[in-house]
1. Volume per residue, Å³, of the convex hull around the alpha-carbon atoms of the chain?
2. Please work out how much accessible surface Ser394 shows to a 1.4 Å probe, ignoring ligands, DNA and RNA, in Å² rounded to 10.
3. Please report, in debye to the nearest 20, how large the charge dipole of segment 1-111 is about its Cα centre when each Lys and Arg carries +1 at its beta carbon and each Asp and Glu carries -1 there.
4. Where does the chain land at 222 nm, in deg cm²/dmol rounded to the nearest 500, when only DSSP H runs of n ≥ 4 count, each adding -39500 (n - 2.57), divided by all residues?
5. Taking segment 99-190 as the region of interest, what is the percent of Cα-Cα pairs per 10 angstrom bin, listed from the shortest bin to the one with the maximum distance?
6. So if we plug the beta-carbon distance of Asp32 and Ile278 into 1/(1 + (r/R0)^6) with R0 = 45 Å, what FRET efficiency do we get, rounded to 0.05?
7. Could you give the alpha-carbon Rg of segment 362-403 over 2.2 N^0.38 Å, rounded to two decimals?
8. Which whole-number percentage describes the relative contact order of segment 39-105, with Cα contacts under 8 Å and a sequence gap of 6 or more?
Amino acid sequence: MVDKIIVRFGEINEWLVCDGDVSNQVRQGTPDELAAALKTMNWQGEVVVLVPGEKVLLTAAAVPSRQQRQIMQAVPNVVEEQLALDIDDCHFAIGDRNEAGEISVAVVSLEDMYRWQSTLSDVGVKPTLMYSDTLTGPWTRGISITVDGKRAHFRSGKFAGFTVPSHQIAFAAELIPDIEIVDLYAGQDDLEDLRIQLAQIEAIDGVLLNVHTRERGGNTLNEASNIEETLNLLQGEFQVSRETRSGFRVWQSAAILAVCTFLLHVSLLWGQGIYLQITANRYAQDARTLYREVFPNDQNVRDVRRQWDAHLSGSGSTSGDRFIALLSGVAANLSGSSMTVNNISYSEGRGGLTLQLTASRSEQLLQFSQTLNSEGFAAEIGTISQVEDNVRGSIKIGSSGGS
């Protein structure tokens, strides 16, 4: 089972699959080709991403505080003068303190971080570590330079360095103050192309240049697979949890998920109960309001349902039956229409209903009135008025034979 994948972004994307102590051949290609390769693998473990050193500013900030929160608040302001972008457009990652007691800092544009994250997401992998490839080259003392094709990585400390085009090696070395020992690592072919620049470095006063010939130039991914953890860019909003294969961790995650699911379920039931109670109270209030409009002469109504039943049972009068008949006819013909009932009033003496309706067109009110008349009701339109984009009107409805 694969336990580590190393991906390096650059002009040519590279990736390496590590299975225990065995590293497979480095492959190159597009993100789509990487995605296709990963689909055929059974892998679980770290995804280490190397990003171009040219995109990362490695610096240091003198912050006396030991509290992480205060350090993160202070760092952007301390290094602001070194930035080419506004601090709001930058992502800041911090590492250990250097020998001078300063906080190691890596600065990357937020645009680059989002782009790299998006590319990895499209491929289907979630990075656990992200480093500047400047820090993957060897370093023991002084200045170390690793020639990586058309690029050169300068390292002056565990978390310090920069990357420049390889044709600017001598110029960059001359800008470094108090330079004494320079260890240069390059392939044989690279050394042939750098003879003039190496001579310029040796000509710097007090500089001792040690050239180390490598079978292959550059920071190979096989070497990167063995590097110690360095300044991880995945901090703050980009921070991810490091996965482990421990069985305890798996069961712990399952337990946390189960508890969260239970609490979510209880919360939903509790919220649903509150919603239903509020809805029931509203319906009860609407029923009481409607009852008082229909039977305005009834006083001291405590049980609306019982009072409704008393009226519906007749109580020696046909008033309740007449009201129910009218209301049923109105409801049957209103169902499915786009008209809105604003108010219903019932005249027990006259035995008729008066509806206040809102419709989009006056024709709807006329058609509704005609439909009621055709079904045996005595419907008569009262007033019709235009209100903005709608029409409001009143319809008086009685039983056939009088209203």
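The values are calculated or read from the model by the stated rules, or taken from the named source; none is laboratory data. Quantities reported herein were computed from a predicted structural model and do not represent experimental measurements. Quick reminder, even Gly has a Cβ in these numbers, built from the backbone with ideal geometry, and neighbours come from all protein chains shown. Only protein heavy atoms, including side chains, enter the accessible area calculation; ligands, DNA and RNA are left aside. Shrake-Rupley method; radii C 1.70, N 1.55, O 1.52, S 1.80 Å.
1. On the way: hull volume 117.7 nm³, N = 403.
Value for the chain: 292 Å³ per residue.
2. Rounded to the nearest 10, that gives 10 Å².
3. Working: 8 positive and 18 negative charges, 70 e Å.
Result for segment 1-111 is approximately 340 debye, rounded to the nearest 20.
4. Values: 11 runs with 145 residues, N = 403.
Computed ellipticity for the chain at 222 nm equals -11500 deg cm²/dmol.
5. 14, 39, 31, 15, 1
6. Details: r = 53 Å, r/R0 = 1.17.
With R0 = 45 Å, the Cβ-Cβ based efficiency is 0.30.
7. Working: Rg = 11.1 Å, N = 42, 2.2 N^0.38 = 9.1 Å.
The value comes to 1.22.
8. Details: 48 pairs, mean separation 23.0, N = 67.
34 percent.
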